[in-house]
Amino acid sequence: MKNIVILISGRGSNMQAIVEAAVPGARVAAVIANRPDAAGLAWAAERGIATAALDHKAYASRGAFDAALAGAIDAHAPDLVVLAGFMRILGEGFTRRYEGRMMNIHPSLLPAFPGLHTHERALEMGCKLAGCTVHFVTAELDHGPIVAQGAVSVLDDDTPDSLAARVLTLEHQLYPEAVRRFVAGEIAVVGGKVAGGPGVVASLLSPAPSSKA
Ligand code: GAR
């Protein structure tokens, strides 16, 4: 049985999707947040999952927070660390510690639009496709070998909120599938890229462009 530790900062809807997917051969051993008020913590605790909150503001430095976080994670002997809306930049030592066994989901088709406000930026640029990316975490923000990507059509009347909602639905399909593939041993990083199966495990052109015609 492989242990998964999920890190969140807020509502944790991706965390919920992964828990509810009940990936064969794996269990969610713990959910850890950097904000004590993260709504996802209560959801996980209600389901009997171990939870912890490490308030990053209580630590004197990024290094001190990273060390405490690593201690909390390692107490659950993780095979995979899953960042699910974890909005905290992690130091190089931390990312190296979990190299090849820590994934993140980002709401854009990376390498486009790393960072914040991805949907606003995609709309401003007139993108016709938007989406989300699951990738292994490296020291560079929203960067690293791409595990899976999913795409949605951008509609003429989209707002950042409507686009975010459509992409989030796709995130909830894509992330559990990426975790399932990792747990099943179907993912290998070769030459800085993920090999072993198609990089796109889910793609949803929804609604189809013709539906607006
Ligand atoms: C998700 O849309 C996720 O892709 C994004 O935060 C949201 C968290 O929602 N992550 C990032 O922007 C990371 N750079 P959730 O808490 O409901 O899963």
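Of the numbered criteria (1) buried (at least 18 other Cβ atoms within 10 Å of the Cβ); (2) more than 16 Å from the ligand (Cβ to nearest atom); (3) not in a helix (DSSP H, G or I), the one Gly48 fails is (1).
From the list His117, His106, His135, which one is within 12 Å of the ligand (Cβ to nearest atom) and more than 21 Å from Val189 (Cβ to Cβ)?
Working: His106 fails: more than 21 Å from Val189 (Cβ to Cβ); His135 fails: more than 21 Å from Val189 (Cβ to Cβ).
Result of the check over His117, His106, His135: His117.
One residue stands out among those in region 5-27 that are away from the ligand (no atom under 14 Å from the Cβ) and either within 14 Å of Arg47 (Cβ to Cβ) or at pLDDT below 95 (or both): the one that is surrounded by the most Cβ atoms within 10 Å (Cβ to Cβ), which is Arg27.
Going by what's in this entry, would Ser13 be described as touching a helix residue (DSSP H, G or I) at 6+ places or on another chain (Cβ under 7 Å) and at negative phi? In short, yes. If you check Ala130, Ala122, Ala148, which single one turns out to be crowded, with 23+ Cβ neighbours inside 10 Å and either under 21 Å from Ile4 (Cβ atoms) or touching a residue at least 60 places away in the same chain (Cβ under 8 Å) (or both)? On inspection, the qualifying residue turns out to be Ala148.
For the subset of region 70-86 comprising residues that are part of a helix (DSSP H, G or I) and in contact (Cβ under 8 Å) with a residue 40 or more places away in the chain, which member is surrounded by the most Cβ atoms within 10 Å (Cβ to Cβ)? Taking the candidates together, the pick is Ile73.
The values are calculated or read from the model by the stated rules, or taken from the named source; none is laboratory data. Since the model is a prediction, treat every value here as computed from it, not as a measurement. Cβ atoms come from the backbone with ideal geometry, glycine included; neighbour counts cover every protein chain shown.
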